[in-house]
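S.K.: Mind having a look at this structure? Questions to follow.
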Ligand code: PEP
Ligand code: MG
């Protein structure tokens, strides 16, 4: 196919829909050119060239060279300059641009095409020698850093020393002659570091930069980022080569970044920063503190530096108009980069802006209300997993705060942890289970893993669009950036704030919603889920077909589940109810009893407590369905194990330690997960199932008597493999129900069903459905038994399996739709063939995982059930899979 796509001069070969081939940046540059917006001309080398580069031993197709040459002369024709020409040189930027923006990759080389000769041409043409030399030294620095691998700080050190020598404070103090001297030092430094002079051949420069972009696709940082974000390696990156426009051409020039809406809150306001007489990356790098674009923002920030609105009113008006046009065109909040060269506006990039979950909700609701998108579209636009961010804690307003610093509220949420100054260390401590706050002067893509490991990030330099801020928002981590009054000393591993010196390991709290930095741990509280969140949930609920229930057994969980909008309980794991102090004794007596009579006596003690559990659950669920599962784990789990515990328990129960020890040994199993558990317990000890059934039905009768609306319990039998074993247990349950009906005179309705957790159950589902009135897929066990991989011991190799690509994702997190999913499909089909209206649900962990929920929709399950805190995520994911 075509290797090079051109854009500029009001037209383009590509368009926004071609992100896969042109990368996000290239596709949107083409789109903006097609819209007639002021885009410097350029061209995009496709992602396929990158993919083939790696397939073919890091080589390019033959046609690429001539295609690039032709595109470059076309760019030169449009701007009236020639690449490498000593009289009037064309300069270009070279940028990477993958399908999804990827901070792990080579970013940008600016001013490419400058050498000792062309720099003079630039000086003459721009009538500004200082500008030309300033551009050249930037180019040598950037190119040597990202293409030649000379360390960034070497250039900073040279410049710093030069400024010290001359007693200069700011870069702007340097004259043309000063920059010439710095350039000579830079070149010497490059030659020393690489053994070769800085490349003077502009073609060599260009191909060096193009090669560096492609190489950066496989850099360690990019690989880490891809792994964390599930980006396939074979996507590749595109390369964008574009005519330079100069934001550093004096005081009527500037460069900036802006969002059409506030990316933290979603508020509809132009939000952005710029720097006068500066070049592209100065803003993002956080080296100088940028100015506000709008006057309103300047006033709110209390900043003295003038806004763009005041400084360049005409360009500002054009900027506002262009931003509005882009947002309307893309029907989404845009994140844009622009440069103003001598008062003229140039657009360098636009893309859908990254935003916090809170902002995403507000923007989606607002865009729908503004008529730009439908309500369904609004629901589709929210990433269900991102709702997690909203469950992030905020600081308890009544808690005491020892504020030691203030930065920008770069990413919301509050977090406490030990201070660390180094990303590797952050990762190491996290692995030890410790909570850390990563403190850096500023972050770079090299810190991604540390940011990932940290609870929160604190930087002392950089704005709201600095690397730290953007990446933290994407990760949903609290971040305070640009806390300028805090001083970091990496060598001593200390930070100094308000005269207090804190060492590595000391605890701080940051509040990414206000920018506050506090000493010590400050208590936090959970946020309220109202406003835009509630609106999106309401729209989602209209769109979804599947019901969402919660896995809950305690009244606390059940209430939380209802608050989050659960429509019933899909799994009440009754064993959790037996671990409470007063019950475990009776439970142990039951297990230790030598005969059925003894067991029944012990169970009689548990009955009233269990009945009370169910009464509370039924009352909280107020008529919503409640699925109660009979005892599942092997009995030995309830017995003590250490000698100390055995002695203690023996005394309480009134047996000798020997008797107890013998019973523990007797119940020991090598593979308890495949052992005497689930329905097998009910077959061996029907009196346990009978007690539980009695507790359920008596509770239902009681609640029915009190409220006039008896609940309809769903009694669920775990780990069934055959109809015969389910029949045995069902007969007991029915008999108990009949007894309770007689005893109480209550009219009892109930269902008896089974979990599908074993491959055999899935295969024999047609038969099992003759007895079972519902199936609930226990995909935790079903995954375990289908793969033959232990739920409890697999961590030690699962990581390697996903890293090596054997598994795309951990099958205990995201349902293996191919294998386990096929069993689910088979069971659903066969179950329905027997009982057309059989109720089908899922209650494994996958019930709260968006990708797995999508699969449940395709199978046509009636509901998913998940932990209470995932209920909102499941509601949204269920809606999206129905849309
Ligand atoms: C399951 O196996 O998926 C399930 C929900 O049961 P548990 O996790 O309690 O084994
Ligand atoms: Mg199970």
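The values are calculated or read from the model by the stated rules, or taken from the named source; none is laboratory data. This one's a predicted model, so the numbers in the text were calculated from it and none came from an experiment. When we count neighbours, we look across all protein chains shown, and the Cβ atoms used for this are built from the backbone with ideal geometry, even at glycine.
S.K.: Considering only residues of region 702-728 that are in contact with a strand residue (DSSP E or B) (Cβ under 9 Å, 6 or more places away or on another chain) and in a helix (DSSP H, G or I), which is nearest to residue 618 (Cα to Cα)?
M.R.: Initially, region 702-728 is screened for residues in contact with a strand residue (DSSP E or B) (Cβ under 9 Å, 6 or more places away or on another chain), giving 711-720, 725-726.
Next, only the ones that are in a helix (DSSP H, G or I) stay: 725-726.
Values: 725: 28, 726: 25 Å.
Taking the candidates together, the pick is 726.
S.K.: Related question: Any chance you could count how many residues in region 754-778 are within 14 Å of ligand 2 (Cβ to nearest atom) and farther than 19 Å from residue 819 by Cα? Show your work before the answer.
M.R.: Taking region 754-778 first, the residues within 14 Å of ligand 2 (Cβ to nearest atom) are 754-759, 761-762, 775-778.
Now restrict to residues that are farther than 19 Å from residue 819 by Cα: 754.
So the answer is 1.
S.K.: Restricting the first residue to region 755-769 and requiring it to be without any contact (Cβ under 8 Å) to a residue 40 or more places away in the chain, which pairs with a second residue that is away from ligand 1 (no atom under 16 Å from the Cβ) meet a Cβ separation below 9 Å and a spacing of at least six or different chains?
M.R.: Short answer, once both residue conditions are applied: 760/722.
S.K.: So is residue 183 touching a helix residue (DSSP H, G or I) at 6+ places or on another chain (Cβ under 6 Å), over 30 Å from residue 802 (Cβ atoms) and assigned to a helix (DSSP H, G or I) or not?
M.R.: On the way: touching a helix residue (DSSP H, G or I) at 6+ places or on another chain (Cβ under 6 Å): yes; over 30 Å from residue 802 (Cβ atoms): yes; assigned to a helix (DSSP H, G or I): yes.
Yes; evaluated as a whole, the condition is true for this residue.
S.K.: Go through region 853-883 residue by residue and tally those that are more than 16 Å from ligand 2 (Cβ to nearest atom) and within 22 Å of the chain's Cα centre (by Cα). Spell out the reasoning first.
M.R.: Residues of region 853-883 more than 16 Å from ligand 2 (Cβ to nearest atom): 853-863, 868-883.
Among the residues that remain, those that are also within 22 Å of the chain's Cα centre (by Cα) are: 853-855, 868-881.
Summing the residues that are more than 16 Å from ligand 2 (Cβ to nearest atom) and within 22 Å of the chain's Cα centre (by Cα) in region 853-883 gives 17.
S.K.: Tell me yes or no: at least one residue of region 282-292 is assigned to a helix (DSSP H, G or I), free of Cβ contacts under 8 Å to residues at least 60 places away in the same chain and crowded, with 18+ Cβ neighbours inside 10 Å. Break it down into steps so the answer makes sense when it comes.
M.R.: Narrowing region 282-292 to residues assigned to a helix (DSSP H, G or I): 282-285.
Within this subset, residues satisfying the condition of being free of Cβ contacts under 8 Å to residues at least 60 places away in the same chain are 282.
Within this subset, residues satisfying the condition of being crowded, with 18+ Cβ neighbours inside 10 Å are 282.
Checked region 282-292: at least one residue is assigned to a helix (DSSP H, G or I), free of Cβ contacts under 8 Å to residues at least 60 places away in the same chain and crowded, with 18+ Cβ neighbours inside 10 Å.
S.K.: Sticking with this one: Which count do you get for residues in region 825-850 that are in contact (Cβ under 8 Å) with a residue 40 or more places away in the chain and within 28 Å of the chain's Cα centre (by Cα)?
M.R.: 8
S.K.: Report whether or not residue 823 is part of a loop (DSSP other than H, G, I, E, B), within 16 Å of ligand 2 (Cβ to nearest atom) and at pLDDT 95 or above.
M.R.: Numbers: part of a loop (DSSP other than H, G, I, E, B): no; within 16 Å of ligand 2 (Cβ to nearest atom): yes; at pLDDT 95 or above: yes.
Taking the combined requirement at face value, the residue does not satisfy it.
S.K.: Give me the residue from region 558-603 that is within 14 Å of ligand 1 (Cβ to nearest atom) and assigned to a helix (DSSP H, G or I) and, out of that set, surrounded by the fewest Cβ atoms within 10 Å (Cβ to Cβ).
M.R.: Among those that are within 14 Å of ligand 1 (Cβ to nearest atom) and assigned to a helix (DSSP H, G or I), it is 576.
S.K.: Follow-up. Go through (1) farther than 30 Å from residue 644 by Cβ; (2) within 46 Å of the chain's Cα centre (by Cα); (3) more than 16 Å from ligand 2 (Cβ to nearest atom); (4) part of a helix (DSSP H, G or I) one by one and return the number of the condition residue 731 breaks.
M.R.: Every condition holds for residue 731 apart from (2).
S.K.: Let me ask something else about it. Which of the helices (runs of 4 or more DSSP H) found entirely inside region 743-815 contain at least 1 residues meeting this: within 13 Å of ligand 1 (Cβ to nearest atom) and in the same structural domain as residue 629 (by TED's automatic domain parsing)? Even if it seems obvious, please write down each step before you answer.
M.R.: Numbers: elements: 759-763, 765-768, 779-787, 795-803.
In region 743-815, 759-763, 779-787 are the helices (runs of 4 or more DSSP H) which contain 1 or more residues that are within 13 Å of ligand 1 (Cβ to nearest atom) and in the same structural domain as residue 629 (by TED's automatic domain parsing).
S.K.: Would you say residue 635 is at pLDDT below 95 and crowded, with 19+ Cβ neighbours inside 10 Å?
M.R.: Details: at pLDDT below 95: yes; crowded, with 19+ Cβ neighbours inside 10 Å: yes.
It is true that residue 635 is at pLDDT below 95 and crowded, with 19+ Cβ neighbours inside 10 Å.
S.K.: Next up: In the set 734, 683, which member is in contact with a helix residue (DSSP H, G or I) (Cβ under 8 Å, 6 or more places away or on another chain) and more than 16 Å from ligand 1 (Cβ to nearest atom)? Let's see the steps before the verdict.
M.R.: Numbers: 734 fails: in contact with a helix residue (DSSP H, G or I) (Cβ under 8 Å, 6 or more places away or on another chain).
When all the criteria are applied, what remains is 683.
S.K.: Follow-up. Any idea which of 655, 717, 659, 703 is more than 26 Å from residue 838 (Cα to Cα), touching a residue at least 60 places away in the same chain (Cβ under 8 Å) and either within 16 Å of ligand 2 (Cβ to nearest atom) or within 44 Å of the chain's Cα centre (by Cα) (or both)? Outline the logic, then answer.
M.R.: Details: 655 fails: either within 16 Å of ligand 2 (Cβ to nearest atom) or within 44 Å of the chain's Cα centre (by Cα) (or both); 717 fails: more than 26 Å from residue 838 (Cα to Cα); 659 fails: either within 16 Å of ligand 2 (Cβ to nearest atom) or within 44 Å of the chain's Cα centre (by Cα) (or both).
Answer to the selection: 703.
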